[in-house]
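Comments concern the structure below.
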Amino acid sequence: MKRLIIGLMAVMMLLPIYSEATNKQLEKARKKEFAQKLKEYKKGKWEVLGSRTLDYALANHYDRLNTLGEDAHEVEGISTRTKSKNNGKQAAINNAVITYAQEAGSTLQGRVVSDMNANGADPAGEFDNFYAAYERLVEKEIRGEMEPSFTIIRTNPDGTFEIRTYFIITESAAAKARMRALEQAMKDSEAAQKYAGKITEFVKEGF
């Protein structure tokens with residue numbers, strides 16, 4: 001017993017040292033990631049659309065992601081060729097919303113198909129309308145939960161603009177948006193209602 005107590009005390013004494021070393025390693029990795037991304041943007045001749053500098057915008061973005069931790073979900077919206085900066089930014093925002101909705105829809109579909117097949121059922125066909133409705137409704141619901149972080153822009157050789165807008169979505173808020181979309185989509189789907197419990201579980205799990 002005495003040896004066990006001594007062993008436990010030794011482990012407890014080492015934990016702060018291990019934690020500090022892990023934090024330093026993580027901080028080093030974060031700084032390296034920031035430097036690499038900043039270098040990539042500058043090499044690609046990207047500039048921030050707005051009054052902030054690229055360094056500040058990117059640093060603030062990563063700081064927000066690090067603060068939120070696992071609750072943060074980054075989404076990128078892209079507009080490749082537009083003559084208007086304002087129109088291009090709006091197109092990038094719309095692209096980000098659609099990208100998230102498609103990711104949510106495909107993730108749910110993959111889990112449903114995998115689960116049904118594992119249980120000897122074939123969901124092909126009967127869920128198609130449900131998936132489409134769910135994806136469309138997620139697009140509607142998630143728009144208000146997307147927090148714009150920063151937008152970058154560069155000029156194409158033909159004079160048009162390429163724009164990228166980055167968003168940070170908190171998973172806690174996104175989960176509620178997905179559940180609202182699910183509730184509406186299930187109203188018109190008997191197949192989805194039949195497996196309501198399992199589908200709700202998949203949606204809550206997120207990506």
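The values are calculated or read from the model by the stated rules, or taken from the named source; none is laboratory data. Since this is a predicted model, take the numbers as computed values, not measurements. Here the Cβ is made from the backbone with ideal geometry for all residues, glycine too, and neighbour counts use every protein chain on show. Each accessible area value is taken on the protein alone, full model and side chains, heavy atoms only, with ligands, DNA and RNA left out. Shrake-Rupley method; radii C 1.70, N 1.55, O 1.52, S 1.80 Å.
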Just give me the residues in the stretch 155-186 being closer than 13 Å to Phe127 by Cα and open to solvent by 20 Å² or more (accessible area, probe 1.4 Å), in sequence order.
Met186
Out of the stretch 36-81, which residues are out of contact with any Lys or Arg (no Cβ under 6 Å at 6 or more places or on another chain), among the hydrophobic types (A, V, I, L, M, F, W, C), outside any loop (DSSP other than H, G, I, E, B) and under 22 Å from Glu162 (Cβ atoms)?
Leu38, Val48, Leu54, Ala57, Leu58, Val75
Only one residue in Ser79, Ser51 is of a type in the set (S, T, N, Q), touching an Asp or Glu at 6+ places or on another chain (Cβ under 8 Å) and at negative phi. Which one?
Ser79
Candidate set from the stretch 82-96 (those that are in a helix (DSSP H, G or I) and more than 21 Å from the chain's Cα centre (by Cα)); member that is farthest from Gly144 (Cα to Cα):
Lys85
